[in-house]
Amino acid sequence: HAGSRPVLLTLAGAAALSTLALGWVEATAEDHRALMVCLLLAGVGVNGVQVQMYTVAASAYPTQLRATGVGWATGTARLGGVLSAFAGSVVQVLGSGLKPFFTGVAVVILATFTGLVLLRRHLPPRG
């Protein structure tokens with residue numbers, strides 16, 4: 001078991017790069033493989049980080065604060081999800097296209113990546 005740091009950084013990095021690539025991929029009716037690969041990597045990366053962050057958040061807080069800490073982490077993530085829907089709508093209304101939208105999503109994922117780098121209390125390696 002490698003611990004949570006390398007796993008989370010790999011997932012977040014893959015999600016950021018593939019999300020950024022989504023704005024640049026030219027999918028045609030005949031060939032949409034690159035689009036599907038980017039969607040797969042973005043989905044696996046984002047969902048993998050979300051799932052593992054519950055465990056990391058639970059281990060990062062002392063026992064007496066654990067429920068509150070995980071609650072705040074979950075609430076912050078939900079707020080980000082709501083705000084991202086509004087931001088996506090603004091980009092769509094402005095008619096900016098897919099490149100600025102996916103670039104913005106990639107920037108948010110890179111912010112998550114940075115937070116994971118700075119996080120001191122990852123799950124330790126076992127083994």
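The values are calculated or read from the model by the stated rules, or taken from the named source; none is laboratory data. Since the structure is predicted, the reported quantities are computational estimates derived from the model, not experimental observations. All Cβ positions, even for glycine, are placed from backbone atoms using ideal geometry, and neighbour counts span all protein chains on display. Protein only, heavy atoms only, side chains kept; ligands, DNA and RNA dropped before computing areas. Shrake-Rupley method; radii C 1.70, N 1.55, O 1.52, S 1.80 Å.
Within segment 4-38, which residues are within 13 Å of the chain's Cα centre (by Cα) and not β-branched (Val, Ile, Thr)?
Once the filter is applied, which keeps residues that are within 13 Å of the chain's Cα centre (by Cα) and not β-branched (Val, Ile, Thr), segment 4-38 yields LEU8, LEU9, LEU11, ALA12, GLY13, ALA14, ALA15, ALA16, LEU17, SER18, LEU20.
Could you list all residues from segment 110-127 that are loosely packed, with under 13 Cβ neighbours inside 10 Å, of a type in the set (A, V, I, L, M) and touching a residue at least 40 places away in the same chain (Cβ under 8 Å)?
Answer for segment 110-127, where residues must be loosely packed, with under 13 Cβ neighbours inside 10 Å, of a type in the set (A, V, I, L, M) and touching a residue at least 40 places away in the same chain (Cβ under 8 Å): just VAL117.
Do we find that LEU35 is surrounded by 12 or more Cβ atoms within 10 Å (Cβ to Cβ), at pLDDT below 95 and either among the aromatic types (Phe, Trp, Tyr) or farther than 20 Å from VAL108 by Cα (or both) in this structure?
Yes: the conditions hold for LEU35.
Among VAL91, VAL107, which is within 16 Å of THR19 (Cβ to Cβ) and open to solvent by less than 60 Å² (accessible area, probe 1.4 Å)?
VAL91
Taking the conditions exactly as written (modelled with pLDDT of 95 or more, aliphatic (A, V, I, L, M) and either open to solvent by 60 Å² or more (accessible area, probe 1.4 Å) or more than 16 Å from the chain's Cα centre (by Cα) (or both)), does LEU65 satisfy them or not?
The answer is no for LEU65.
Considering each of THR19, THR10 in turn, give the residue that is closer than 17 Å to ALA106 by Cα, polar (S, T, N, Q) and in contact (Cβ under 8 Å) with a residue 60 or more places away in the chain.
Answer to the check: THR19.
Only residues that are closer than 22 Å to LEU39 by Cα, of a type outside the set (Phe, Trp, Tyr) and open to solvent by 90 Å² or more (accessible area, probe 1.4 Å): list them for segment 72-88, please.
Within segment 72-88, ARG78, LEU83 meet the criteria.
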